[in-house]
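The structure appears below as C-alpha cells.
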Amino acid sequence: MSLQSLAWRLFLPPKDRIHYDAQSRMLQQNSPLFLLINFLCYCFCVLIFWRSLNFATHLFLGVVLLLITVVTLYVIKRVVTQSVLVPPYGFWQLFSIGWMTVLWWNVYGALLIATVDERVVQQFFLILCMVCLAGIALVGSFGRAYATYLLITAIHILLSLWTWGTDASMLLVEQFLIGLLAQLFFLRIFNDTIIRLLHVRHENSELVQALQQKNTALEQANLSQSRYLSAASHDLRQPLHALALLTNDAQRKNQVPEVGETLKKIELAIDSLSQSFNAMLNLSRLDAGVVKPQFSRFPIQRLFHRLHIEYEEVAASKGLSLTIVPSKVWVLSDEGMLYSILSNFVSNALRYTDTGGVALGVRHAGEDSARLMVYDTGSGVPTEKARQIFQEYLRLENAQQRVQGGVGLGLAISERMARLLGATLLVQSVVNQGSSFGLVVSKVPAQEQITETTVQHAAAEEALTGLRVAIIDDDETVLMSLEELLESWGMDVTVVLSVEMLKEAIVDEGAFDLVIADYHLSVPEETGLDVLSAAREMLGMNQAICMLLTGDTSTELATQAHSMDVIVWYKPLRPARLRAYLNTLWSKFHAATVSASE
C-alpha cells in the first residue's frame, strides 16, 4: 500500500472523503491567510523572546519558516488546481506540508522550553494556542489530520516539560492539557459543522444540476411543442381554409333558398371550428412561452378601424348597433396582441348581446395611461363570478344555455396576452344590464393626425375591381377556390407555382398590383417568402402589395416576414374579412403611391 493510500485511509474518515475536492479547495482558499498569521505570530515571538534565543537562531528559524511558507503555497496550488482532483490524489502531499509547519513549531517550542523559564514557556503556550485556533478556523476542515498534529505536538511538549521535574512544570502541564482539550473540542465542533455545510452544498449542487437538466429538458420540450404546433397548425388550417373558400363559392353560385340556409349554417359551423382551433392553438403557444410581444408606437384608431370592418356585418346581422368612438390616442404595445384582445372583447360582446348594441372607445387614465373599453347591453354575469370567466374552458351557465360554439378560451388567451403586455385587465358586469371589458395600456405622444375612415361596400367593390393579382399555394383546391373568389370581386388573377413562373408572368403580362403567397410550396427549397422577395426585386419595393397567407404560425416565420416588411395573414380566413382588408389596404397603398408621385 502506498503512502498516498495509507494517509488517505488513516487520516480522512469515510464521511469526509466524498467532500475531498471541496475540502482541498477550501484549504487553498484559506491557507494564505493562515500562513500570514503563522508568520506574524513568529514575528511577535521574536519581539517577546528576543533575549531568550540568540540572533542567529531567530534568523535561522525565520528563513526556514519563510521557505516552508513558499513550499506550502506551491504544493497546495499544484495539488488543488488540477483539472480533475481524483481522490486520493495529493492527500499525502497536503498531509506532509502540514507536518513541516508542525515540526517547525515543535523545534521552536523545544528551544524555548530548554531555557527552563516558566514565564517564557507560558507566553509561548499562549501564542501557540492562538496559532492552533487560527489553524482550526482556517484549515481545520481535515479534522482527523489536524487532531494528529495537535496530539503529536502535545506529546512532545509534555515530555519536554516532564524533564523539568518541578512543581512549576506540573502546573504548566495542567494548563497545557486544559488548552489542548478545549482545542480538540472546538476542532470537533468546527469539523462537524464544515462537513455538514459541505454535505448540504453537495446536495444543493446536485439539486441545481438536476434542476438545470430539467430546465434544459423543458426548453427542448417547449421547442418540440412549438415545432409540433407549427406543423399541426399548417396541416389543420389548410383544409379549414379550403373548406371556408368552397362554402363561400357555393353560396355565391347557389340559387335555391333552402340550400342557401344550409350553406349559411355550414359557414357558421366552419367559423366556430376555426375560432375554437385558433383559440386552442394560441393558448398552447402562450403557455409554451414561444410568443413574445413586439412593442411599437401606433394610433389606436388603426385597430378601431379594423374592428369596425370585421364586426360591422356581424352586428348588423343580429340587429345590434356597433358604435366605435374615434380617438387620436397613440399607445405603446404589441399591435397584433392588442388587436386580438380587443377583437375577443368585441366578439364576446356581440355574441352574448341580443338587443341594444356594443360600444368601443378610449377613456383617459392619467397622463401616461389609457383605458380601452368595450361596453355591451347583454345579459351580464354575477359580480362575484366576473373574474372566473378568464379561466380556460370555463363558460358560465347562462352563457352555455344561450350560445353554442367555442371552447371558452378567448378570455383566457386575452388574460395571458395582457400579462405579457404588462396591461391591467378591467371587468364589470351587472346581470340583465350589461358588461364592460377593457385594459389599461401605456399612452405615448401622437405622431400624426388620425382621421376617421368610413367604410363603404360600394367603394370596396370599386377599389378591388381591375387589380392584377398573382397567387401561389401548394394546395390545388385552395388555389382554385381562391382564384374564383378573387375573380368574383372583379380582380384579374394569375396562378403561378414558383419564382420562375412569377418572373415569366411579369415579363409576359406586366406588373402585378398584389402578390399573395402561401409559405409552404410544392417546389423544393423554395418558400412563399422567396416568391415575395423576387416580386419585390422585379416590381420595386413600393410598387406592389406582398402578402403571406399561411397556416404556419411559428414565431420565427412571423419575425422573418416582419423583417422583410411582408404582411402576414393566417389561414383559415373568412372571405368577407379578406375582402374588407384588401380594400382598406389597397386604398391606403394607392393613396400613398399617389402622394409620393406628386
> Name the residues in the stretch 297-333 that are among the charged types (D, E, K, R) and part of a helix (DSSP H, G or I), would you?
Replying inline: ARG302, ARG306, GLU310, GLU312, GLU313
>> Of the residues TRP569, TRP586, only one is touching a residue at least 24 places away in the same chain (Cβ under 8 Å) and not aliphatic (A, V, I, L, M); which?
In response: TRP586
> Residues in the stretch 463-480 that are open to solvent by 10 Å² or more (accessible area, probe 1.4 Å) and over 26 Å from ALA591 (Cα atoms): how many?
Replying inline: 7
> In the list ILE178, ILE195, which residue meets the criterion of being in a helix (DSSP H, G or I) and in contact with a Ser or Thr (Cβ under 9 Å, 6 or more places away or on another chain)?
Replying inline: ILE195
> Do you know which of the residues in the stretch 483-494 that are open to solvent by 50 Å² or more (accessible area, probe 1.4 Å) and touching a helix residue (DSSP H, G or I) at 6+ places or on another chain (Cβ under 8 Å) is nearest to GLU537 (Cα to Cα)?
Replying inline: GLU484
> In the stretch 502-528, which residues are free of Cβ contacts under 8 Å to residues at least 40 places away in the same chain, open to solvent by 70 Å² or more (accessible area, probe 1.4 Å) and under 23 Å from LEU557 (Cβ atoms)?
Replying inline: PRO524, GLU525
>> For the stretch 235-257, give me each residue that is touching a residue at least 40 places away in the same chain (Cβ under 8 Å), out of contact with any Lys or Arg (no Cβ under 6 Å at 6 or more places or on another chain) and not hydrophobic (A, V, I, L, M, F, W, C).
In response: ASP235, GLN238, ASN248, ASP249, ARG252
> What residue, among those in the stretch 535-548 that are open to solvent by 10 Å² or more (accessible area, probe 1.4 Å) and in a helix (DSSP H, G or I), is farthest from ASP492 (Cα to Cα)?
Replying inline: GLU537
>> What are the pairs with Cβ atoms under 7 angstrom where one residue, in the stretch 554-565, is within 15 Å of LEU532 (Cβ to Cβ) and the other, located anywhere, is aliphatic (A, V, I, L, M) and assigned to a helix (DSSP H, G or I)? Sequence gap at least six, or different chains.
In response: GLN560/LEU529; ALA561/LEU529; MET564/LEU529
> Quick one: which of SER481, SER488, SER563, SER533 is modelled with pLDDT of 85 or more and closer than 25 Å to GLN294 by Cβ?
Replying inline: SER533
>> Can you confirm whether GLY319 is under 21 Å from LYS443 (Cα atoms) and surrounded by fewer than 19 Cβ atoms within 10 Å (Cβ to Cβ)?
In response: no
> Applying the selection to the stretch 76-101, what residues are at pLDDT below 65, open to solvent by less than 40 Å² (accessible area, probe 1.4 Å) and within 40 Å of the chain's Cα centre (by Cα)?
Replying inline: LEU85
> Looking at (1) over 20 Å from PRO293 (Cα atoms); (2) not in a strand (DSSP E or B), which is the one condition that is false for ASN344?
Replying inline: (1)
> Can we say VAL131 is touching a residue at least 60 places away in the same chain (Cβ under 8 Å) and of a type in the set (A, V, I, L, M, F, W, C)?
Replying inline: yes
> Among the candidates ALA412, ALA423, which residue alone is modelled with pLDDT under 85, surrounded by 19 or more Cβ atoms within 10 Å (Cβ to Cβ), more than 30 Å from ASN583 (Cα to Cα) and of a type outside the set (Lys, Arg)?
Replying inline: ALA412
>> List pairs: first residue in the stretch 332-350 and more than 14 Å from VAL441 (Cα to Cα), second residue among the charged types (D, E, K, R) and assigned to a helix (DSSP H, G or I) anywhere in the structure, Cβ distance under 9 angstrom, at least six positions apart or on different chains.
In response: SER343/ARG306; SER343/GLU310; VAL346/GLU310; SER347/GLU310
> LEU66 versus (1) part of a helix (DSSP H, G or I); (2) more than 47 Å from the chain's Cα centre (by Cα); (3) without any contact (Cβ under 8 Å) to a residue 12 or more places away in the chain: which is the lone unmet condition?
Replying inline: (3)
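The values are calculated or read from the model by the stated rules, or taken from the named source; none is laboratory data. None of these values were measured; they are calculated from a predicted model. Because the Cβ atoms are built from the backbone with ideal geometry, glycine has one as well, and the counts that use them run over all protein chains shown. These accessible areas exclude ligands, DNA and RNA; they are computed on the full protein's heavy atoms, side chains included. Shrake-Rupley method; radii C 1.70, N 1.55, O 1.52, S 1.80 Å.
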